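For reference, the structure discussed in these notes is given below.
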Amino acid sequence: MSKQTTPDSLTARRILPWVLPVLLIVIWELSARIGWLSSRVLPEPASIFKSGWELLRSGELHHHVLVSTRRALTGLAIGGSAGLLLGLATGTFRRVEAVLDTTLQMIRNVPPLALIPLIILWFGIDETAKIFIVALGVFFPLYLNTYHGIRSVDPALIEMAKSYGVTGWRLYRDVIFPGALASILVGLRFSLGLMWVLLIVSETISATEGIGYMTMNAREFLRTDIVLVGILLYALLGKLADVLARGLERFWLRWNPNYASA
Amino acid sequence: MQINPEENSAVASSASVGNSVSSFGIALSVRDVHKRYGEREVLKGISLDIRPGEFVAIVGRSGCGKSTLLRLVAGLESGQEGELLYDGSASGGRSNDRHDTRIMFQDSRLLPWKRVGDNVALGLPPHEYINAEFVLGQVGLRERRLEWPARLSGGQRQRVALARALVHKPRLLLLDEPLGALDALTRIEMHALIESLWRESGFTALLVTHDVGEAIALADRVVLIDEGRITLDERIDLPRPRNRGHAAFAALEEKVLRRVLQQPPNESEPDDHPGDVSLHRTVDQVRWAV
């Protein structure tokens, strides 16, 4: 079935994934109009899009999305690069692994959200706390997958490269890092997913701007439609991050038949 | 290098006699080498002298120690007793420093994330990258230089691996069952290619194989190792290129095979081959079943 490449099956494959979501929205819209669904519980899709459009026109949406995205990316940059660098270090040097890995594995088992009270005590409720939670959360997927990736580089390739006079930094650049890249990118995708989850939680706790603030504020005024706009925004941003990560995979791992674009 | 056609033909004609004496290849001396892994002694006193430019094949059953010997010569293993002399000096054992020795493995070990041309250029200084293209041409894959290794067939990958070894102009080429995983037809093509490049370049070649026919087709000398000892050292004086259908060829093959078969199989011995062990075993078992 999947081997067929006739135009018919191609369009079918493109359209098929969207049939169910579109159907659900249609049913949702209809039941809201008929009156089965109270607009307090679930407003009709049309009114959600209308509120979304108004927020967009007033520039409010733009502002909140920008603030949230900045927090998410700052947290990712800090936590992600720390995870990558430490993963590279523990994967490469036995000595560093001996010193660091046990400690990191212990910390890993503490859910970042369990640290929220402590983080509030340390940093208060301003930007630093939110960025810290995100950074802490995205650190571990990248750390673990980088470490694992470095360790699972085929030793036969390393032996070959060394016997061909490739050592030191060149061995790292030509053999070890590219060999670990697939695993590192898996870590990045996990991190991106966690990044939004942690940001949502930290923004709902306390914030004066951002998507989380927007939805919490809307809740106060019983604006279920705006709450839903916020939820949809998170879904959209999460999907966008995933698409970007897949794009990176498709480019960097294009040598691998499993990732090459069809 | 080997571009000069007159030089090539001179080397080729001297090699074709069978007793090539090339000043380019390395003279390799193995003196009473022992190697053990824990309790098990894999090599029990191997002595072997290989002249510059000579093509020597080592045959034997799985686990007889032939791959271990090759890896010692390549400097990929150490901790042996005895001496390894390269042109009379004991500079071996430090794999990173032996720029004149290159090894070709059973699995091609191409870097999958580098294009074919970049794989061949691995470890070359930038100003010699152009040579990679030239050597790729020698193995007939010049037009595939921008391809990813995953898109090549097994035989093509081994040709790339051969090019990658030869681009360094090695004076000693070590071949660790490089054709073991290939089909019979591709193997015969590879024999011709390896032989012609050896005759052109004049390097010393040491081939480990369990295919007696392959050993006789390529080598000046066939050495049989059994349970860590050399039990046969047979000179092959057939004219090149060798014809497998020839009676003398068949007689030699028969003779060596019979010597191999005299020894009891040592199936319980762990395989000392570091590569694809399952594949290696399968090929081996099929061969002995036939």
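Odds and ends about this structure:
- Looking at A:PHE177, A:PHE190, just one residue is under 30 Å from B:VAL120 (Cα atoms) and in a helix (DSSP H, G or I), and that residue is A:PHE177.
- The stretch B:98-118, residues that are more than 18 Å from the chain's Cα centre (by Cα) and farther than 22 Å from B:HIS191 by Cα: B:LEU111, B:PRO112, B:TRP113, B:LYS114, B:ARG115, B:GLY117, B:ASP118
- For A:THR208, the conditions (1) hydroxyl-bearing (Ser, Thr, Tyr); (2) surrounded by fewer than 16 Cβ atoms within 10 Å (Cβ to Cβ); (3) part of a helix (DSSP H, G or I) are fulfilled apart from (3).
- Close contacts from the stretch B:222-238, counting a first residue that is small (Gly, Ala, Ser) and a second that is surrounded by 18 or more Cβ atoms within 10 Å (Cβ to Cβ), with Cβ to Cβ under 8 Å and a gap of 6+ residues or different chains, come to B:GLY228/B:VAL42; B:GLY228/B:LEU43; B:GLY228/B:ILE46; B:GLY228/B:CYS64; B:GLY228/B:GLY65.
- Looking at B:ARG61, B:ARG151, B:ARG144, B:ARG115, just one residue is touching a residue at least 40 places away in the same chain (Cβ under 8 Å) and over 22 Å from B:PHE24 (Cβ atoms), and that residue is B:ARG61.
- Check on B:VAL160, out of contact with any Gly (no Cβ under 8 Å at 6 or more places or on another chain), within 13 Å of chain A (Cβ to nearest Cβ) and under 26 Å from B:ALA27 (Cβ atoms): no
- Selection within the stretch A:122-151 - more than 14 Å from chain B (Cβ to nearest Cβ) and among the small types (Gly, Ala, Ser): A:GLY124, A:ALA129, A:ALA135, A:GLY137
- Here the stretch A:152-203 is the region considered, the condition is being within 11 Å of chain B (Cβ to nearest Cβ) and hydroxyl-bearing (Ser, Thr, Tyr), and the residue that is farthest from B:ARG71 (Cα to Cα) is A:THR167.
- Each residue in the stretch B:166-193 was checked for being surrounded by 24 or more Cβ atoms within 10 Å (Cβ to Cβ) and under 28 Å from B:HIS127 (Cβ atoms), and 6 of them qualify.
- Taking the criterion of being assigned to a helix (DSSP H, G or I) and among the aliphatic types (A, V, I, L, M), the residues of the stretch B:107-162 that qualify are B:VAL116, B:VAL120, B:ILE130, B:ALA132, B:VAL135, B:LEU136, B:ALA150, B:VAL160, B:ALA161, B:LEU162.
- Yes/no for B:LEU193 being over 24 Å from A:ARG173 (Cα atoms), outside any helix (DSSP H, G or I) and at pLDDT below 95: no
- For the stretch A:204-262, the set of residues classified as at pLDDT below 90 and within 14 Å of another protein chain (Cβ to nearest Cβ) consists of A:ASN256, A:PRO257, A:ASN258, A:TYR259, A:ALA260, A:SER261, listed by residue number.
- Conditions (1) on the phi < 0 side of the Ramachandran plot; (2) touching a helix residue (DSSP H, G or I) at 6+ places or on another chain (Cβ under 6 Å): number failed by B:THR204: (2)
- Taking (1) over 20 Å from B:LEU48 (Cα atoms); (2) away from every other protein chain (no Cβ under 14 Å) in turn, B:LEU224 satisfies each apart from (1).
- Looking across B:LEU76, B:LEU122, one residue alone is within 9 Å of another protein chain (Cβ to nearest Cβ), over 19 Å from the mean Cα position of the chain (by Cα) and within 22 Å of B:LEU172 (Cα to Cα). It is B:LEU122.
Matching residues to (1) within 21 Å of B:LEU197 (Cα to Cα); (2) away from chain A (no Cβ under 12 Å); (3) modelled with pLDDT under 95:
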{"position": "B:ASP87", "(1), (2), (3)": "no, yes, yes"}
{"position": "B:ALA90", "(1), (2), (3)": "no, yes, yes"}
{"position": "B:GLY93", "(1), (2), (3)": "no, yes, yes"}
{"position": "B:ARG102", "(1), (2), (3)": "yes, no, yes"}
{"position": "B:LEU111", "(1), (2), (3)": "no, no, no"}
{"position": "B:ASN131", "(1), (2), (3)": "yes, yes, yes"}
{"position": "B:PHE134", "(1), (2), (3)": "yes, yes, yes"}
{"position": "B:VAL139", "(1), (2), (3)": "yes, yes, yes"}
{"position": "B:GLU143", "(1), (2), (3)": "yes, yes, yes"}
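The values are calculated or read from the model by the stated rules, or taken from the named source; none is laboratory data. Computed from a prediction, not measured in an experiment: that's the story for all the values here. Virtual Cβ from ideal backbone geometry, glycine too; neighbours counted across all protein chains shown.
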